[in-house]
Amino acid sequence: MMRQYELVERVKSYDPGADEAMLNRAYVFSMKAHGSQKRASGDPYFAHPIEVAGILTNMKLDGSSIVTALLHDTVEDTTATLEDIEKHFGSNIARLVDGVTKLSRLELQSDGTRQAENFRKLLLAMSEDIRVLLVKLADRVHNMRTLHFIPDPHKRRRIALETMEIYAPLAERIGMNDMKDELEDLAFAQINPDARSSVMARLDFLRNQGSGLVQRIIEELRKTVEGDGVKAWVSGREKTAFSIWRKMQRKNVSFEQLSDIMAFRVVVESVEDCYRALGVIHGRYPMVPGRFKDYISTPKPNGYQSLHTGVLGPERQRIEIQIRTREMHDIAELGVAAHWTYKRGGSPTDGKQYRWLRELLDILEHAAGPEEFLEHTKLEMFQDQVFCFTPKGEVVALPRGACPVDFAYAVHSQVGDTCVGSKINGRLMPLRTQLSNGDQVEIITSKTSSPSPTWEQFVVTGKAKSRVRRFVRLKKRAEFIDLGRAILQKAFRQEGHPFTEKAIAGVLRNFKCDSTDDLYAMAGEGLVTGRDVLVAVFPGLRQQPQKPPGTVVPLARARQNKAGSGTSIPIRGLIPGMAVHYARCCHPLPGDRIVGIVTTGKGVAIHTIDCDTLENFAESPERWLDVGWDVTDEAQELVGRLNVVIANEPGSLGSLTTVIGKNLGNITNLKITNRSVEFFEMLIDVEVKDVKHLSNIIAALRANPVINSVERARG
Ligand code: MN
């Protein structure tokens, strides 16, 4: 185990400005916090955070990262709290430790390997500071190095799979190739030990055959390149067992055929030298076709740059050669961490990098010190997305701003169509709530429920939007068809003609309709009138002038129909935004006598029969529609509007609302319209079951002394 002074010295050797006192405090704090806890290996637990810190010193990370590494398990695994950390180490360190703790908790929540790609993105999105991710990766490296101590084979396998599918690609993504190689090889040893040992045995055999081979090839390559006046550092290595095995799998070749198990690196001073070295090597050794790749002019998405080629090398061995500059090399090996090193001394690379890497370099150039650089290196990736969990731990990726309805549709169309509520992290929350990263979302569904047109105002995903729109369209059409049929029936009956589907089918062509439903829908929308259709069926009626519209006729006629002559169209459970809707002027309630007014293209507005607004339609009787309440629907709560005058004195408003509440009315809106020395006049919207319910409330209010007058609002 690394001693306290050793760790501090290592950090000071590359970061002289590091806060020595804080490093010492963190070392002691962590040791005390973990106390007598033991690792599966039998080592004191405290050895783990020190090892993690050690891994990060190899990457020459700043003092804050090292302090965070020392403290990374204290909040999750000991009695220490985030407040303790903040008190002793400041808000910056507390934020970093909190970040690592959150990532560790996600790990426990998810069966991540099933949705590796989304889980990787979630980890990236949650790591607002690149150092959080680096500490987490170093944590994983050490846990993998000590994986064999864990007794449960299933647990070992699960951790190894997770490493292979999530952490190794994540390391690669931020350019930490050394870390990626180590994670993959450790995971490989766990997941497929037989394959690994056969690869290793073969490697041993080749090693013994050509002893000193790697060294001889290195020498010859160096002479070849430098003979052309290019200064070069050449190194050689065997590929990792895992990368050889993967290549065998991917290319479906046997181990014997796969001879290029050695890879050599030629590191030169400039980009021009890269291409010169390539020319010399290709001139000297036969090139293996199909192996040349130019990642300098076209870098990999993670910013990796190099020239790759394969040749039959000095001893007729197939070898792989990578040619790159010093900076490309450091970035390839250490990724993001290398930028920090380059901050002091080197110059940033000028390649066409992946956007975020370019941004990193940009920050690098303008940041005042290494500390500031890392602090501003927020991971910009996936900031336009949020990642949430299903109750089973699956990750669902959504655009930022998404709500539970979007989540429901992302899970399944059926879930979206029937969702009625949502629990976010166990709490009941409105469907329009914006989701955050890591939220666990549970959707409550009801088989009888259907999408609400109001959802369209807050859903953000295309799928949710189109499903809601489609539903509204279908539902509207169904309503228009019902309405239109009723309108036509009424028109026929009034003229004393029988109404038959067959008669309607005969005139479809006159209206350019394909089906009777199409024609009904047109009539429902008010695009054709009942009389238009009647005249089409019975052309003889054309000459007869319609009865001159009288101003009082419609009202009178509507009144006559109160007994329910059978022509009225039943109205039930209206959804806002649909074809049939309640007029906002008079707030009709079940039990009120009502009439529908057809508005071309907009459907039918339902008014109470005594609504003042109806006077506006007195001249157009063809727009009036007899409607009645469908009594089979009970659960409906509707809004009634009251016009109230109360005494202007303390407590009067309180007693008003108490009376309404006691009578089970739910106030949804309240507006003071007039105010004098003695009285307030106001409009109150109350949710009630029906007109009787509202009448009860009105009676109770009238009995109250502070209330001067109560009326239902009309028009
Ligand atoms: Mn740990």
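Each value in this text was obtained by applying a stated rule to the coordinates, not by laboratory testing. Everything quoted here is computed from the prediction, not taken from an experiment. For neighbour counting, all protein chains shown are included, and Cβ atoms are generated from backbone atoms with ideal geometry for every residue, glycine included.
Taking other C-beta atoms within 10 angstrom as a stand-in for reagent exposure, 714, 265, 250, 237 fall in the order 250, 237, 714, 265, fewest first. Straight-distance candidates among the lysines for linking to residue 38, with alpha-carbon spacing under 21 Å and chain neighbours fewer than 8 residues away dropped: 136, 155. Local charge for residue 512 was computed over the other residues whose Cβ lies under 15 Å away, with Lys and Arg +1 and Asp and Glu -1, and equals -4.
Would you mind classifying region 384-440 by shape? Square roots of the alpha carbon gyration tensor eigenvalues, ordered a ≥ b ≥ c; an a/c under 1.5 is rounded, otherwise it is prolate if a/b is larger than b/c and oblate if not.
Details: a/c = 1.28, a/b = 1.18, b/c = 1.09.
Rounded.
Pairs spanning more than 23 Å between alpha-carbon atoms, out of 180/293; 392/447; 12/239: 12/239.
Where in region 2-102 are there trypsin sites (Lys or Arg not before Pro) that are in a DSSP coil and have at most 12 other Cβ atoms within 10 angstrom of their Cβ?
3
Each other residue within a Cβ distance under 15 Å of residue 674 adds +1 if Lys or Arg and -1 if Asp or Glu, for a net charge of -1.
Cβ-to-Cβ counts within 10 Å put 607, 34, 581 in ascending order as 581, 34, 607, the fewest first.
Considering only the other residues whose Cβ falls under 12 Å of the Cβ of residue 230, what net charge follows from Lys and Arg at +1 and Asp and Glu at -1?
Values: positive: 222, 223, 231, 276; negative: 226, 228, 269, 272, 273.
Surrounding charge for residue 230 is -1.
Put a dot 7 Å past the Cα of residue 704, heading toward its Cβ, do the same for residue 449, and the two dots end up 3.3 nm apart. Cβ-to-Cβ counts within 10 Å put 205, 679 in ascending order as 205, 679, the fewest first. I need the shape label for region 638-712. Rule: rounded when a/c is under 1.5, else prolate if a/b > b/c, else oblate, with a, b, c from the alpha carbon gyration tensor. Judged from the Cα gyration tensor, region 638-712 comes out prolate (a/c at least 1.5, a/b above b/c). Sequence-distant contacts, meaning Cα pairs under 8 Å at least 6 residues apart, place the relative contact order of region 638-712 at 46 percent.
With a cut-off of at most 14 other beta carbons within 10 Å, and DSSP calling the residue loop, which chymotrypsin sites (Phe, Trp or Tyr not before Pro) in region 45-90 qualify? Please list them. Write out the running numbers ahead of the final one.
Numbers: sites: 45, 46, 89; in loops: 45, 46.
Passing both the DSSP loop test and the Cβ count: no residue.
For residue 490, the lysines whose Cα comes closer than 22 Å to its Cα, not counting residues fewer than 8 places off in the same chain, are 476, 502, 547, 562, 602.
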